[in-house]
Amino acid sequence: MPAKIFSMEAREDGGARLALKYKHAGRSGIQRISCDLPQAGLLQLVLFAEALSLRRRIGHPVASDVLLDGLVISYDPAQRDLHVERQAGYSRQTACLPVAEFHSEMAGMTDICITRAEASKNGPALKRLLADCPAPAKLEGLLGQDEADLAMHQLREIALLLLAQEASTRGSALARKLRGKKSLEQAGEAVSGLVLELAAELVPGSASA
């Protein structure tokens, strides 16, 4: 059941419309999976895409999936395509989506989410802290300089998306630290800590001293 067309359309409310057209082996004509993703759901999908891209870039793909209100997108390193399943009531649809096509379409959604994070109330402060955040000690030795630079760029993007979301929540401790001059150092430590955690999870062996 190869995917024929995959598209993501941004919506004014911050979410997106996902649509996947495919040919079902047992049916005639083109079938369609579609759903609306809220802003939080779009962010989840972008984070899934970024993590998948980074792991594949460094040659360490692992099985992973993302669940979005009845929609499940799964990746198995042993398979060439992503597996997409949509459950709506008693109706269940499944299709395959080429990884390259998924990443190509998600690139635009990633840019939108990053732009939104940068423009958020705490975005500029977070971006400055991330720019000053040193790369994990063993990253360059593990990947080589060029790949290490690309990996660090993606780690900072993933961290920005996560931190901007955290800082936007009501009563956020991180947001308070970012607002105070005396607590800004603590915020920087939290930012660096998250980057190290992400590196340890997504680039095994890179975060050790």
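Here are some conditions: (1) outside the structural domain of L52 (by the TED database); (2) surrounded by fewer than 20 Cβ atoms within 10 Å (Cβ to Cβ); (3) part of a helix (DSSP H, G or I); (4) free of Cβ contacts under 8 Å to residues at least 24 places away in the same chain. M152 meets all but one. Which one does it not meet?
Exception for M152: condition (2).
Quick one: which residue in E201, E166 is assigned to a helix (DSSP H, G or I), out of contact with any helix residue (DSSP H, G or I) (no Cβ under 6 Å at 6 or more places or on another chain), without any contact (Cβ under 8 Å) to a residue 60 or more places away in the chain and surrounded by fewer than 17 Cβ atoms within 10 Å (Cβ to Cβ)?
E201
Residues are listed down the side, and each one gets a yes or a no for (1) without any contact (Cβ under 8 Å) to a residue 40 or more places away in the chain; (2) out of contact with any Phe, Trp or Tyr (no Cβ under 6 Å at 6 or more places or on another chain); (3) of a type in the set (D, E):
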| residue | (1), (2), (3) |
| --- | --- |
| L37 | yes, yes, no |
| V62 | yes, yes, no |
| L71 | no, yes, no |
| D76 | yes, yes, yes |
| S104 | yes, yes, no |
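Among the candidates L37, L82, single out the residue that is open to solvent by less than 50 Å² (accessible area, probe 1.4 Å) and touching a Cys at 6+ places or on another chain (Cβ under 9 Å).
Residue meeting the stated conditions: L82.
The values are calculated or read from the model by the stated rules, or taken from the named source; none is laboratory data. All of these numbers come straight from a predicted model, not from anything done at the bench. Cβ sites come from the backbone with ideal geometry, for glycine too, and all protein chains shown count toward neighbours. Each accessible area value is taken on the protein alone, full model and side chains, heavy atoms only, with ligands, DNA and RNA left out. Shrake-Rupley method; radii C 1.70, N 1.55, O 1.52, S 1.80 Å.
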